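One structure is given below, encoded as structure tokens.
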Amino acid sequence: MPETLRTERLLLRTPRDEDVPALLQLLTEPQVAQWWHGYDEARVRADFLAPPADVTVWALEHGGTVIGAIQVSEELEPDYRHAGLDIFMGTAWHGRGLSSEAIRAVVGYLFAGRGHHRLVIDPAADNVRAIRAYARVGFRPVGVLRQYERGPDGRWHDGLLMELLADEHHQSLPRASNG
């Protein structure tokens, strides 16, 4: 069970049965489904309520409403230890900085609470909105994953591999003043 995380505007908590209709509705919005396609109730339950042991999922709640989800997969092999993130949010909440806020909370948890030194995220190369949100948190592009995933159109599409290192993240945090 993941820890509950809080930000100024969001509650990140374990998804519950009563969240399934909201998550399904969000995942089937055209602007979300173009990146997160193929969801029905059974897949929502499997992916978000009963994920594999190496995956942690948080429902994103804003003002008592579920507006999306963020999931983390962890590679715990000591020589390759890192975590990967994925997030989706309903279109009504796009453009408000909420995705970056949620990502920042999870990044802080993964670096400070879970001891990771490297985080990766792999948006579709043409998902400009997502790439901007990740860059605001400090993720940097490291390469294009050619023909990385099949889209809802049945064609293969490129992905953009982005990463954030703990050292870079800590250097970008505001410094406390002694004034």
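Only the coordinates and a few stated rules stand behind these numbers; no lab work does. For clarity, every value in this text was computed on a predicted model and none was experimentally measured. Because the Cβ atoms are built from the backbone with ideal geometry, glycine has one as well, and the counts that use them run over all protein chains shown.
With charges set only on the Cβ (+1 for Lys and Arg, -1 for Asp and Glu), what does the dipole of the range 22-179 come to about its Cα centre, in debye to the nearest 20?
On the way: 15 positive and 20 negative charges, 102 e Å.
Using Cβ point charges on Lys, Arg, Asp and Glu, the range 22-179 gives about 500 debye.
Apply the a/c threshold of 1.5 to the C-alpha gyration tensor of the range 62-165 and tell me whether it is rounded, prolate or oblate.
oblate
Per DSSP H run of at least 4 residues, take -39500 (n - 2.57); add these up for the chain, divide by its residues and hand me the 222 nm value, nearest 500 deg cm²/dmol.
It comes out at -6500 deg cm²/dmol, rounded to the nearest 500.
Relative contact order for the chain: what is it in percent, counting Cα pairs under 8 Å that are at least 6 residues apart?
Numbers: 292 pairs, mean separation 31.5, N = 179.
Relative contact order of the chain: 18 percent.
Averaging the inverse of every distinct alpha carbon separation and then flipping it gives the Kirkwood radius. What is it for the range 37-112, in angstrom units?
When all Cα pairs of the range 37-112 are included, the Kirkwood radius is 13.6 Å.
Using amide H atoms built 1.01 Å from N in the peptide plane, name the residues 5+ places from Thr7, or on other chains, whose amide H lies under 5 Å from its own.
Leu12
Semi-axes, largest first, in whole Å: what does sqrt of 5 times each Cα gyration tensor eigenvalue give for the chain?
Sorted largest first and rounded, they come to 25, 20, 17 Å.
May I ask you to evaluate 6.51 cos²θ - 1.76 cosθ + 1.60, the Karplus curve with θ = phi - 60°, for each residue of the range 126-135 and list the ³J(HN,Hα) values in order in whole Hz, giving x for glycine and proline?
3J(HN,Hα) across the range 126-135, in whole Hz: 9, 8, 4, 4, 5, 4, 4, 4, 5, 5.
List the relative contact order of the range 1-83 as a percent without decimals, with contacts defined as Cα pairs under 8 Å and 6+ residues apart.
On the way: 112 pairs, mean separation 24.5, N = 83.
After rounding, I find 30 percent.
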